[in-house]
Amino acid sequence: MTLASPFSLAVVAITALALLGLPIGHSMIAGSILYLLLAGQDMGIVAEQILNGMYGNYVILAVPLFILAAEFMNIGSMTERLTAFCNALVGRFRGGLAQVNILQSVVFAGMSGSAIADAAGTGRTMQVMMTSGGRYTPSYAAAVTAVSSVIGPIIPPSIPMVLYALISDASIGFLFLGGVVPGLLMAFSQMAIVTVTARRRNFPVEAPVPLRELPAITWRALPSLMMPVVLLGGIYSGVMTPTEAAAVAAAYALAISAGLYRSVSWRSFYQSLAVSTRTTISIGMLIAGSLVFNYVVTIENIPDAVRVLLAGWDLSPAGFLILVNVLLLLLGCVLEGTAILLVVVPVFIPSAQALGIDLVHFGVVVVVNIMIGLVTPPYGLLLFIMRAISGAPMHAIVRDTIPFLVAMLVALAVLTFVPGTVLWLPRLFGYQG
């Protein structure tokens, strides 16, 4: 491939347009059109790939529905009740509010499937709770919220896993199950860091919630806590597909927030629809751009070329996973996670299959890696979100995030080299991989 080949020029065009500020989805579409023009192919292929990919794939419909479910949770009082429940459980320990932050992310993860929804939904509440009275510095509160939000797309449901299923044809249901143990492992690693830091920095101990109040707090939060049960129970009992479960999740969140808790106004309902629409369009353009560019990549036989190149290196499955992890971690420092998932990861899937790596295991490792990228400087999207919410300097947030990053990288290494941590639960439910 020469430097002046159509594909090289298309990549240069995509990079240049993205650096100039054009959204990456639009940049990929423009670069792909340039490729087709230079290669003398029909321009209508662009529209064909987008239409066939976007409207011919039932799985993609789960993405806007999970986004909508998260928004309906945020406008109601579901989040506040869940936070009160978590506070009753772990708020009594040293550094308790930081532990509450992580635990509520675990609970919230079973409902939204989005790290950004978690950070935006509970970030402001936890920021105020943790910093009031000088309990924690704004930067530490922001760091804990950012890293705990990473858990959201790992524990099912998960929007990134839906997108991975789209590009790999792996089972969404088994991918969801594969994310449970890794998500809990990430939460445990973060809680361990909080425990150590709390003693070293003498974080405050909150007034314990009397045990006699726990049943009432649990009862108030029970409808919210039942959402993951309804969602995952419907999927694994065979009653619903994951896409149908996403619709049920949105309807359930609205019914609880509006019907039971009566905390939804027409204005907040409209705003939730507007926010969901904007987020869906943003992700939709990324998917559309990746569909067209992946067609170009396929024409150029890039996946096969990568597979042949890696075969020449004679990598073992473990060596291949190390290489992929390092590349994705580096890319995560500068690129948006969805773009990495939709554009870069498909190139590695044929090589993973050729090496006998299970696609469910590979998918969960990839998703965890990309989620870590959300809190990795300099691009880390969650860091920017929490800087806007907290007002803390970015360098202070990054400083407080680093110990959590180290712990999460250790957890990623465990997931990578011990496939059983990912595949144990899917196999328990009949997965043959």
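A few points about this structure:
- Residue in the range 245-260 that is more than 19 Å from S158 (Cβ to Cβ) and part of a loop (DSSP other than H, G, I, E, B) present: no
- Scanning the range 330-368 for residues that are of a type in the set (A, V, I, L, M), free of Cβ contacts under 8 Å to residues at least 60 places away in the same chain and either crowded, with 24+ Cβ neighbours inside 10 Å or in a helix (DSSP H, G or I) (or both) returns L330, L331, I340, V344, V347, A352, A354, V365.
Rundown of residues vs (1) under 18 Å from M78 (Cβ atoms); (2) modelled with pLDDT under 80, yes/no style:
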| site | (1), (2) |
| --- | --- |
| G179 | no, no |
| G183 | no, no |
| S189 | no, no |
| V194 | no, no |
| R199 | no, no |
| N202 | no, no |
| E206 | no, yes |
| P223 | yes, no |
| I235 | no, yes |
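- Being touching a residue at least 12 places away in the same chain (Cβ under 8 Å), open to solvent by less than 50 Å² (accessible area, probe 1.4 Å) and under 22 Å from the mean Cα position of the chain (by Cα) is a property that holds for A249.
- Meets criteria (open to solvent by 40 Å² or more (accessible area, probe 1.4 Å), at pLDDT 70 or above and closer than 21 Å to L382 by Cβ) for I24: yes
- Long-range neighbours under 7 Å by Cβ, at least six apart or interchain, first residue open to solvent by less than 10 Å² (accessible area, probe 1.4 Å) within the range 176-204, second modelled with pLDDT of 90 or more and polar (S, T, N, Q): P182/T421
- Filtering the range 148-171 to residues that are open to solvent by less than 10 Å² (accessible area, probe 1.4 Å), within 20 Å of L382 (Cα to Cα), among the aliphatic types (A, V, I, L, M) and part of a helix (DSSP H, G or I) leaves M161, L163.
- Residue within the range 287-298 that is surrounded by fewer than 15 Cβ atoms within 10 Å (Cβ to Cβ) and β-branched (V, I, T) present: yes
Listed here are the residues, each with its yes/no results for (1) open to solvent by less than 70 Å² (accessible area, probe 1.4 Å); (2) part of a helix (DSSP H, G or I).
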residue: I389; (1), (2): yes, yes
residue: A392; (1), (2): yes, no
residue: V398; (1), (2): yes, yes
residue: I402; (1), (2): no, yes
residue: V406; (1), (2): no, yes
residue: A411; (1), (2): yes, yes
residue: L415; (1), (2): yes, yes
residue: R427; (1), (2): no, yes
residue: Q432; (1), (2): no, no
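- S263 vs. criteria in contact (Cβ under 8 Å) with a residue 60 or more places away in the chain, assigned to a loop (DSSP other than H, G, I, E, B) and open to solvent by 30 Å² or more (accessible area, probe 1.4 Å): yes
- Selection from the range 305-315 of residues that are within 19 Å of D358 (Cα to Cα) and open to solvent by 60 Å² or more (accessible area, probe 1.4 Å): R307, A311, D314
- Residues in the range 205-236 that are loosely packed, with under 11 Cβ neighbours inside 10 Å and either in contact with an Asp or Glu (Cβ under 6 Å, 6 or more places away or on another chain) or not in a helix (DSSP H, G or I) (or both): A207, P210.
- Against the conditions (1) of a type in the set (A, V, I, L, M, F, W, C); (2) closer than 18 Å to A339 by Cα; (3) surrounded by 14 or more Cβ atoms within 10 Å (Cβ to Cβ), L9 satisfies every one except (2).
The values are calculated or read from the model by the stated rules, or taken from the named source; none is laboratory data. All values derive from a computational prediction rather than experimental measurement. Methodologically, a virtual Cβ is constructed for each residue, glycine included, from the backbone with ideal geometry; neighbour enumeration extends over all protein chains shown. Surface areas here come from the heavy atoms of the whole protein model, side chains and all, with no ligands, DNA or RNA. Shrake-Rupley method; radii C 1.70, N 1.55, O 1.52, S 1.80 Å.
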